[in-house]
Amino acid sequence: MTGASDKNATAFGAQASLYAGARPHYPPALFAWLAAQLDRTSLAWDVATGSGQAALALTPYFDQVRASDLDTDQLGAAPHHPAITYHQGAAHASGLAPASVDAITVATALHWFDFDLFWPEVRRVAAPGALFAAWTYQLPTGDHDV
């Protein structure tokens, strides 16, 4: 699992490469829109990056991307890119300088976080005018009788 809790650290580990290959990518327009909301695009932090799909998609729009995840196997399956720096650690332990991040993103992982620890870290690292964005896949729908 790609979150902040140590109890979840090994959930995806043995299957990290399989997970990376099966994970859908997010629409490029999402990342263009995120960057367009900002006056400054020096540094983005992709929290719980997993196998790095969102981190890689941020690279055309940000000078640097810090991608963090608790699971080292997930990080090992993530793509290499000169603008991405990977960091192994919990969502509440970014290792980033205070007021240094222009955008903080969480792609389909917010439900794993310990909010009492995570939100103070977001406030600590967010630069003035920073953007926080979290998203998930569309919830399934269907027509059936219950």
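The values are calculated or read from the model by the stated rules, or taken from the named source; none is laboratory data. Source: prediction; values computed, not measured. Because the Cβ atoms are built from the backbone with ideal geometry, glycine has one as well, and the counts that use them run over all protein chains shown. Side chains included, ligands, DNA and RNA excluded: accessible areas come from the protein's heavy atoms. Shrake-Rupley method; radii C 1.70, N 1.55, O 1.52, S 1.80 Å.
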Send over a whole-number figure in Å² for the accessible area per residue of region 22-137, probe 1.4 Å.
-> 45 Å²
Highest to lowest packing among 41-54, 107-120, scored as the average C-beta count within 10 Å | 41-54, 107-120
Whole-percent carbon and sulfur contribution to the accessible surface of region 79-138 (1.4 Å, no ligands, DNA or RNA) stands at 61 percent
Using a simple spin-label model with points 7 Å from Cα along the Cα→Cβ vector, what separation in nm is obtained for Arg40 and Ala83?
-> 1.8 nm
